[in-house]
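See below for the structure under consideration.
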Amino acid sequence: MRYFLLAGALASVAACGGGSGGGGATGDISRACLEADRRAASPALCSCVQQVANQSLSGRDQARAVTFFEDPQLAQDTRQSDRSADERFWDRYRAFTDLASEICRPVDA
């Protein structure tokens, strides 16, 4: 399953020019990534992360992930939660972040 997610995400990134240049994927995660004002954030990197999110997270999961950019404590609370719904979400979110880390690299890093 992980292989297919990686292959699908790679194909998506390649189809959109690798997240570089103009265009690219835009969405809530891409905007939150840019607005978080982190040093490594760039339009290309945030577009790539959005593309991976589009391949691996539902719209509802993406909306929830955006809240982690706005309030990192929510991510910690979700990770430590004993609620089964939070645990399932965290598994999906963790798979997304692992995949994005494999595929998307900061341009200036």
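The values are calculated or read from the model by the stated rules, or taken from the named source; none is laboratory data. What you see is a predicted model, and the numbers here were worked out from it, not measured in a lab. Note that we place each Cβ from the backbone using ideal geometry, even for glycine, and neighbour counts take in every protein chain shown. These accessible areas exclude ligands, DNA and RNA; they are computed on the full protein's heavy atoms, side chains included. Shrake-Rupley method; radii C 1.70, N 1.55, O 1.52, S 1.80 Å.
Rounded to 0.05, the FRET efficiency of the Arg31 and Arg94 pair, given R0 = 22 Å and the Cβ-Cβ distance, is 0.50. Note on surface exposure: Asp82, Asp77, Asp91 rank Asp82, Asp91, Asp77 by accessible area, highest first, 1.4 Å probe.
Annotation: extensible slack from Ser81 through Ala40 equals 11.8 nm (criterion: 0.36 nm per residue apart, minus Cα-Cα distance). A 1.4 Å probe run over the protein chains yields, for segment 39-106, 56 Å² of accessible area per residue, whole-number rounding.
In this structure, Glu70 and Glu102 have a Cβ-Cβ separation that, at R0 = 35 Å, corresponds to a calculated FRET efficiency of about 0.90. Accessible area per residue was computed with a 1.4 Å probe on protein heavy atoms; Glu87 scores about 90 Å².
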